[in-house]
Amino acid sequence: GKSGNLVFMKKLMKVCMTAALLLAGCAQTEKALPAPEKESGIRGEQFGIDKNINEKTVDRYLGRTDTVYRDMRMLKDEADYEAIGGDSYLSGYVEGFEIVPYPYLCNVTGLPAEVGDSRQGDTLYTFSEGTYTANFEESDAILEYLFPKDKNIILMCGGGGYAGMMKNMLISLGWDENRIYNAGGFWYYEGTHAVSVKREENGTAYYDFHKVPYHYIEFGSLHRISDTEQGTVPETDTPVSSIPAITADELNRKKEEGGTFVLFVTLPGCTSCAAFAPVIGEYAAAGLADVFEIPLSVLKEADEALGKDVEYTPAVVIVKDGDVQAVLRADADADIPYYKNVRSLSEWFHEKIGTAIIDGEAEADIEDCEDACEYKPGS
């Protein structure tokens, strides 16, 4: 009857009004973001942190369909951020942000001296003299997937530094600067959407990294762009010794096969490497182990794990079953005596992997750690 139709119409009107309100609410949340604007003072000038969207206000801009949220930190950074009151671990993040570590995207420059260096190793791009150069055929596609050009991009990190570096990189590579925001650092976040990763039990800290939305880049599956394709000619490293040289590809293959071998690690122009070369060369000639010479820059590029404990040369790395067994370090006082002659060197090998102790004629005039040559990226 009429009363039934009237009830139906009232219900229909109520549903329509509710839908209209919901649509209006959605439209309101998607209203245009304020234009990027740097804060005044050091936060704005040094880091490029945004005046309107930052640690204090970012909660107002979460959950948008026209925006992606990226936290640029490592799960555990090699840089000592505790030295400046921060946290080298990703102890928490803002809900809705995905973790895309900047040190995998590009080499890190300009960190405070007290912090030291962040991760060293393969990166999608290399920054040098104001230019970003792709290192892999897939670099551009990966970057555009992680940072869509048709979205607003809100960036965070620990203190604002990596986020600022990421914003500069994107703009330099063609992204719209009016859609990218450096929201500062999680260390100073004041909102209500913090997701805790760190927990403590009985005085021990634990990090639930398995809960973190984390983007890992598997460089081993990518196709490297050669120096010649990039228009540069690589510097050639003249072998220091008569020991066979090993390439990055050969090293990775041997490691993947679980091989056991020895690396004589050198640097161009390292006089101590040249002095030590006859000693390790005579040991290699005895056939007690497979020994290969490799420049430190090549070692670090080929395998971050094998090269992480070597910063000075000459160095000797024993790889057993594909993993580092021992490192003879020219910057360690306790190791210097093993550099002196073939017998001393063979005693070190005997101690580490049980090979025979032998005598030889070669000697090296290496007196102390000051004779070691320090590695610097690019050397």
Response to the item:
Over 24 Å (Cα to Cα) among K51/K76; K300/K340; K149/K198; K149/K300; K167/K198; K31/K149 -> K51/K76; K300/K340; K149/K198; K149/K300; K167/K198
Response to the item:
Here the residues of the range 46-67 lying in the modelled label zone of T192, meaning backbone nitrogen under 12 Å from a point 7 Å along Cα-to-Cβ, are 59-60
Practice prompt. May I ask you to give the solvent-accessible area per residue for the chain, in square angstrom, as obtained with a 1.4 angstrom probe?
Written response: 53 Å²
Worksheet item: Using modelled backbone amide H atoms (1.01 Å from N, in-plane), which distant-in-sequence or interchain residues come within less than 5 Å of Q325's amide H?
Response: I318, V319, K320
Discussion item. Given Cβ point charges of +1 (Lys, Arg) and -1 (Asp, Glu) and nothing else, what value in debye, to the nearest 20, does the dipole of the chain about its Cα centre take?
Written reply: 3320 debye
Worksheet, complete the sentence: If each part is reduced to its alpha-carbon centroid, the range 96-164 and the range 280-334 end up apart, in Å, by 30 Å
Practice prompt. On the protein heavy atoms, probe 1.4 angstrom, tell me the percent of accessible surface of the range 55-192 carried by carbon and sulfur.
Written response: 44 percent
Worksheet item: Ranked from highest to lowest mean number of other Cβ atoms within 10 Å per residue, what is the order of the peptides 198-204, 263-269, 54-60?
Response: 263-269, 54-60, 198-204
Discussion item. Could you tell me the calculated FRET efficiency between T131 and Y207, based on Cβ-Cβ distance and R0 = 25 angstrom, to the nearest 0.05?
Written reply: 0.10
Fill in: Two-site label geometry, D321 and E37: point separation in nm, points 7 Å out along Cα→Cβ
6.2 nm
Worksheet item: How do 68-75, 327-334, 361-368 rank on mean C-beta neighbours within 10 Å, highest first?
Response: 68-75, 327-334, 361-368
Discussion item. Starting from 0.36 nm per residue, how many nanometres of slack lie between D176 and E200 once their C-alpha separation is accounted for?
Written reply: 4.4 nm
Response to the item:
Note: the chain at 37 °C, 0.692 mPa s; Kirkwood Rh on alpha carbon pairs; Stokes-Einstein D in µm²/s works out to 135 µm²/s
Item to complete: Kindly point out which whole DSSP H helices in the chain project their C-alpha atoms 27 angstrom or further along the helix axis while averaging a Kyte-Doolittle hydropathy of -1.0 or above.
Response: 2-29
Worksheet item: Rounded to a whole number, what % of the accessible area of the range 325-379 do carbon and sulfur atoms account for, probe 1.4 Å?
Response: 42 percent
Practice prompt. Quick one: dipole size for the range 162-206, taken about the Cα centre, charges +1 on Lys/Arg Cβ and -1 on Asp/Glu Cβ, in debye to the nearest 20.
Written response: 60 debye
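The values are calculated or read from the model by the stated rules, or taken from the named source; none is laboratory data. Note that this is a predicted model, so its numbers are computed, not measured. Here the Cβ is made from the backbone with ideal geometry for all residues, glycine too, and neighbour counts use every protein chain on show. These area figures cover heavy atoms from the full protein model, side chains too; ligands, DNA and RNA do not enter into them. Shrake-Rupley method; radii C 1.70, N 1.55, O 1.52, S 1.80 Å.
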